[in-house]
1. Here's a check for you: in segment 296-325, which residue that is among the β-branched types (Val, Ile, Thr) and open to solvent by 20 Å² or more (accessible area, probe 1.4 Å) is farthest from Gly49 (Cα to Cα)?
2. Across segment 246-267, what is the total count of residues that are open to solvent by 10 Å² or more (accessible area, probe 1.4 Å) and in contact with a Gly (Cβ under 8 Å, 6 or more places away or on another chain)?
3. When only residues in segment 127-147 that are open to solvent by less than 10 Å² (accessible area, probe 1.4 Å), in contact (Cβ under 8 Å) with a residue 24 or more places away in the chain and among the aliphatic types (A, V, I, L, M) count, which is nearest to Leu187 (Cα to Cα)?
4. Working only within segment 334-357, note down all residues that are open to solvent by 60 Å² or more (accessible area, probe 1.4 Å) and either on the phi > 0 side of the Ramachandran plot or modelled with pLDDT of 95 or more (or both).
5. Identify the single condition in (1) open to solvent by 40 Å² or more (accessible area, probe 1.4 Å); (2) among the β-branched types (Val, Ile, Thr); (3) not in a helix (DSSP H, G or I) that Val153 does not satisfy, given that it satisfies every other one.
6. Quickly run through segment 310-358 and pick out the residues that are within 27 Å of Met78 (Cα to Cα), β-branched (Val, Ile, Thr) and touching a Gly at 6+ places or on another chain (Cβ under 8 Å).
7. So Pro60 fits all but one of (1) outside any loop (DSSP other than H, G, I, E, B); (2) out of contact with any Leu (no Cβ under 9 Å at 6 or more places or on another chain); (3) modelled with pLDDT under 75; (4) not hydrophobic (A, V, I, L, M, F, W, C); what number is the exception?
8. Taking the residues in segment 15-37 that are open to solvent by 90 Å² or more (accessible area, probe 1.4 Å), in a helix (DSSP H, G or I) and modelled with pLDDT under 75 as candidates, determine which candidate is farthest from Val307 (Cα to Cα).
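The values are calculated or read from the model by the stated rules, or taken from the named source; none is laboratory data. No experiment lies behind these values; they were computed from the predicted model shown. Note that each Cβ is placed from the backbone with ideal geometry, even for glycine, and that neighbours are counted across all protein chains shown. Heads up: the accessible areas ignore ligands, DNA and RNA and are worked out on the full protein's heavy atoms, side chains in. Shrake-Rupley method; radii C 1.70, N 1.55, O 1.52, S 1.80 Å.
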Amino acid sequence: MQPEEMFFELSAYHVSLAAAGAGITLAFWLPRFFSGREPAASALLILAGAVAFAFVPGMPEVIDPRKSPKVWEYVSEMAIIVALFGTGLRIDNLTSYRRWQPTIRLLLIAMPLTILAVALLGYWLAGMTLAGALMLGAVLAPTDPVLAGDVQVGPPTEGGEHPVRFSLTTEAGLNDGLAFPFVYLALIVAAEGFTLGGLAGEWLAIDVLYRILVGAASGAGIGWLLGKMLFSLPRGNVLADTGSGVLALAGVLLCYGMTELVEGYGFIAAFVSGLVLRRAEEGHDFHGKLHGFNEAIEHALTAVLLVSIGGILPLLWNELDWQHASVGLALLLLIRPFVGWISLYRTDLKGRGRFVVAIYGVRGIGSIYYLGYATSHMDLVNEGQLWATIAYTILASTLIHGLTAGTVVDYVTREA
């Protein structure tokens, strides 16, 4: 073929890049005509992806998660660890146990009850296998640190961390890692059946206790070391003086990689390392630079993922029946609000604050990662229905939560 014959060749790859770029731009630009607030673009990114990829022949099949789950696993993994590290950096004030009590209740009571309720609905209503229902509960249980920016505390050194925002931020920072044991449990049930035998003890010892403790310890140690390297050593010529925000990415890659090498939960480590690093030279403006660079990467990866979710929705729509859709809606409208409300009983969160924290459990990128991880490690029954339910639930959450969270949380926190 002569070079001139390739002139103006419409490559599907290049068309898809242009379509994705146009979709992301419009999702952030169009809301400016209707709202003075920073646009809640998550739902618009998904819808823009659905429209944009409809004009790219054959492109959605290339990113079909049923055929290429590893792509979704790796991209969502990077988005989550960056978001978790940034979430840890956000938190200015740790103070007392009472401040953490709602978070602990949400993690130890609300999340296991959410997994159980979703699994039961998946099994009895949607007719899923026991392993599939447990997997659905595990991947949908964690709230999302990536899509919940409107309900979280502000950037470092801003202060003014309202208990509602603090609870939602710290819950999202920790429950991604704490959902992992239940994903492993679902994989064990898929491989061995419900009669776990001696595997139950191994799961409790390794997947629950060891991996959680190692993740927390590794994150704390690496966060402390990064604090020394950035702010203390060598004296008079510290890295913080360079002002280079790329060190945030370097820090999270180091922390996550090292923790995973010793079989700890890297998600927990990423959040804890950001939390501990934030304690070093707490008033230094370099924390803001680290967070700003980190947030830019997070937003870029998230936009790509959400546009891609929109792109695959038409492929997955035939896999979604009313039973699976009902499980997703029940999670958002009934299960999370109820178990959240119950778990916050007799904490310092009262009235509207308790109600808001119970409701705004945003679902998102974490669910994509867990299902991508699970399906790339084992063939599950009805994988297509699992992916369709996850994509539908994320879309519903971005619509229900994303379009209301900023206004509602602003009202409650301003009122207090």
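1. Across segment 296-325, the extreme among qualifying residues is Ile297.
2. Qualifying residue count for the region: 3.
3. Top of the filtered list is Met135.
4. Leu334, Phe338, Trp341, Ile342, Arg346
5. Failing condition for Val153: (1).
6. The answer is Val357, and nothing else.
7. Every listed condition holds for Pro60 apart from (2).
8. Across segment 15-37, the extreme among qualifying residues is Phe33.
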